Amino acid sequence: MVYLEPDQHRALKARARAEGISLAELMRRLARAHIAQSRDLPAVPRSVYNDLVGLGASGRPDVGDDHDAALARVLRAKHAR
């Protein structure tokens, strides 16, 4: 079972309809592509995780409020190089 936001559901249904496949088949294809792409990513260097340790001491007052997004930004910035 997968729960989608209404706009995501509408967009995926429209794409499946445009491709002439079921929504379930589109979801399987997207999952397969995501897994394949994830396998091609290089390993995250240990230094990236070390950088995360100091993130809470950034002096920014909002880190605790939005910590997932802050961690994602750091990982993306460091890992995408």
**Fill in**
Checked L52, L23, L71 against criteria (modelled with pLDDT of 75 or more and surrounded by 13 or more Cβ atoms within 10 Å (Cβ to Cβ)); the one match is L23
**Message:** Restricting to region 36-49, name every residue that is of a type outside the set (S, T, N, Q) and surrounded by fewer than 10 Cβ atoms within 10 Å (Cβ to Cβ).
**Reply:** A36, R39, D40, L41, P42, A43, R46
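The values are calculated or read from the model by the stated rules, or taken from the named source; none is laboratory data. In this text, all values refer to a predicted model and were calculated from it rather than measured experimentally. Cβ sites come from the backbone with ideal geometry, for glycine too, and all protein chains shown count toward neighbours.
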